[in-house]
Amino acid sequence: MKSRSPAVLAAFAVTLLSSSAFAETTLTVYTSVEAVDLDRYKQTFEAANPDIKINWVRDSTGVMTAKLLAEKDNPQADVVWGVAATSLLLLKGEGMLEPYAPAGVEKLDQKFVDSANPPAWVGMDAYVAALCYNTVEAEKLGLTPPKSWADLTKPEYKGHVVMPNPNSSGTGFLDVSAWIQIMGEEAAWKYMDGLHENIAAYTHSGSKPCKMAASGETVIGVSFEFPGAKAKQGGAPIDIIFPSEGSGWEAEATAIIAGTANLEAAQKLVDWSISKEANEMYNVGYAVVAYPGVAKPIEHLPDDVASKMIKNDFEWAANNRAAILAEWAKRYDGKSEPKS
């Protein structure tokens, strides 16, 4: 066999390098994670996996769920990372998820893992319902702080409560589904009728009611715990209240879309998404994460946030989601803020 010249070998090496450069995989990842967190997740994952790039597509939970369902016959996403577990259970029911047991899944708190084997989705963290209460504005109006969900129907709070619309916000849906689980269906709708009398507006973002309370636009924002802690850290005059009946909660979760052409890269992303390193990053924004022993206390939140969480039936919530949302919209959508 004739030996190749150095020049030919050099050219061959350049060709190989050029080919490897084009071997980079781009994953289209649908997410509802807070936008401020996306860059650091992307940078950390891509540093460990330089041959894989993330292309985020972000929107609120309700909008992202509707988008995924609309694309059922022509999926555009490779991975869903950071969308409500109840939404992923809907996709699972439609046969849209690729079951996968990521490396290390046995180390997670099992309430954050789909019950199927292999699981269709795995959880990252939890956001937990809480009230953001502006103490300065409340004092001006002579109001007293609520201690329970039931308190929010008191006449003194009329026009001073803002909460998320469950059709567009995962936080709003976890509230409504939790009230039904806590109170029973008939009592919960009666409760929401009373609450509606006091609602100033329903927002399309789960964190917005807390931000409104922090800025004094409302007295009480029905939201989740972390925006409250962040606002209080920034000097906002708010208290974060966990109602005495218990707080609804939702797991942010990750799954692979069935039929993806980038399965191996998608599996690497899901492997990383449940790693201890990733959970330590989630703890920057969430008091409760899926990896036991990782969560450190967050300033202005109690150390036992997990103890405030109700026993949440994700399967029930997913199976009844459409009916709950339709009934809610029929009764209360008139006070929803305009969609931007």
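The values are calculated or read from the model by the stated rules, or taken from the named source; none is laboratory data. Everything numeric here is computed off the predicted structure, so don't read it as measured data. With ideal geometry, Cβ positions are generated from the backbone for all residues, glycine too; neighbour counts draw on all protein chains shown. Heavy atoms of the whole protein, side chains included, go into the accessibility calculation; ligands, DNA and RNA do not. Shrake-Rupley method; radii C 1.70, N 1.55, O 1.52, S 1.80 Å.
The residue of the stretch 260-303 that is farthest from residue 68 (Cα to Cα), among those that are out of contact with any Ser or Thr (no Cβ under 7 Å at 6 or more places or on another chain) and hydroxyl-bearing (Ser, Thr, Tyr), is 291.
Would you mention how many residues in the stretch 1-28 are at pLDDT below 50 and either open to solvent by 60 Å² or more (accessible area, probe 1.4 Å) or of a type in the set (Phe, Trp, Tyr) (or both)? Looking only at that region, the number is 15. So which residues in the stretch 29-65 are crowded, with 17+ Cβ neighbours inside 10 Å, aliphatic (A, V, I, L, M) and over 17 Å from residue 263 (Cα atoms), if there are any at all? Passing the criteria: 33, 38, 64.
Whether a residue is among the β-branched types (Val, Ile, Thr), in contact with an Asp or Glu (Cβ under 9 Å, 6 or more places away or on another chain) and in contact (Cβ under 8 Å) with a residue 24 or more places away in the chain was assessed, and residue 238 does not pass this test. Do we have any residue at all in the stretch 274-282 that's open to solvent by 50 Å² or more (accessible area, probe 1.4 Å) and under 18 Å from the mean Cα position of the chain (by Cα)? Looking for residues that are open to solvent by 50 Å² or more (accessible area, probe 1.4 Å) and under 18 Å from the mean Cα position of the chain (by Cα), one finds at least one in the stretch 274-282, hence yes. Specify which of the listed residues (166, 145, 119) is at pLDDT 95 or above, more than 26 Å from residue 64 (Cα to Cα) and assigned to a loop (DSSP other than H, G, I, E, B). Sole residue among the options that is at pLDDT 95 or above, more than 26 Å from residue 64 (Cα to Cα) and assigned to a loop (DSSP other than H, G, I, E, B): 145.
Yes or no: the stretch 186-199 includes at least one residue that is small (Gly, Ala, Ser) and either closer than 30 Å to residue 95 by Cα or in contact with a Phe, Trp or Tyr (Cβ under 7 Å, 6 or more places away or on another chain) (or both).
In the first step, residues of the stretch 186-199 are kept if they are small (Gly, Ala, Ser); the result is 187-188, 194.
Then drop every residue that is not either closer than 30 Å to residue 95 by Cα or in contact with a Phe, Trp or Tyr (Cβ under 7 Å, 6 or more places away or on another chain) (or both), which leaves 188.
Checked against the condition, which is being small (Gly, Ala, Ser) and either closer than 30 Å to residue 95 by Cα or in contact with a Phe, Trp or Tyr (Cβ under 7 Å, 6 or more places away or on another chain) (or both), the stretch 186-199 yields at least one hit.
In the set (1) in a loop (DSSP other than H, G, I, E, B); (2) surrounded by 13 or more Cβ atoms within 10 Å (Cβ to Cβ), the condition left unmet by residue 73 is number (2). A Cβ distance below 6 Å, combined with a sequence gap of six or more or placement on separate chains, defines the contacts here; from the stretch 30-59, residues that are under 20 Å from residue 276 (Cβ atoms) reach residues that are part of a loop (DSSP other than H, G, I, E, B) and open to solvent by less than 10 Å² (accessible area, probe 1.4 Å) in the pairs 37/285. All conditions but one from (1) in a loop (DSSP other than H, G, I, E, B); (2) crowded, with 20+ Cβ neighbours inside 10 Å; (3) in contact (Cβ under 8 Å) with a residue 24 or more places away in the chain apply to residue 295; the one that does not is (3).
Would you be able to tell me the number of residues in the stretch 183-230 that are among the aliphatic types (A, V, I, L, M) and over 23 Å from residue 156 (Cβ atoms)? Walk me through it before giving the result.
The initial filter retains those residues of the stretch 183-230 that are among the aliphatic types (A, V, I, L, M), namely 183, 187-188, 192, 195, 199-201, 212-214, 219-220, 222, 229.
Filter again for over 23 Å from residue 156 (Cβ atoms), leaving 229.
Selection size over the stretch 183-230: 1.
Sort out which residues of the stretch 76-117 are touching a strand residue (DSSP E or B) at 6+ places or on another chain (Cβ under 7 Å) and open to solvent by 70 Å² or more (accessible area, probe 1.4 Å), and write them in order of number. 76, the sole residue that qualifies. Where strands (runs of 3 or more DSSP E) fall entirely within the stretch 179-260, those with at least 3 residues that are touching a Leu at 6+ places or on another chain (Cβ under 9 Å) are at 220-224, 238-241, 249-257.
Of the residues making up the stretch 231-266, those that are closer than 18 Å to residue 109 by Cβ and either among the hydrophobic types (A, V, I, L, M, F, W, C) or surrounded by fewer than 18 Cβ atoms within 10 Å (Cβ to Cβ) (or both) number 4.
Residue-by-condition table, conditions (1) within 23 Å of residue 159 (Cβ to Cβ); (2) within 21 Å of the chain's Cα centre (by Cα); (3) part of a helix (DSSP H, G or I):
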| residue | (1), (2), (3) |
| --- | --- |
| 302 | no, yes, no |
| 307 | no, yes, yes |
| 311 | no, yes, no |
| 315 | no, yes, yes |
| 318 | no, yes, yes |
| 322 | no, yes, yes |
| 326 | no, no, yes |
| 329 | yes, no, yes |
| 339 | yes, yes, no |
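For beta carbons closer than 6 Å, sequence separation of 6+ or different chains, a first residue in the stretch 135-157 that is surrounded by 13 or more Cβ atoms within 10 Å (Cβ to Cβ) and a second that is part of a helix (DSSP H, G or I) and at pLDDT 95 or above, the qualifying pairs are 143/156; 146/152; 152/195; 153/194; 153/195; 157/198. Within the stretch 52-69, one or more residues are small (Gly, Ala, Ser) and outside any helix (DSSP H, G or I).
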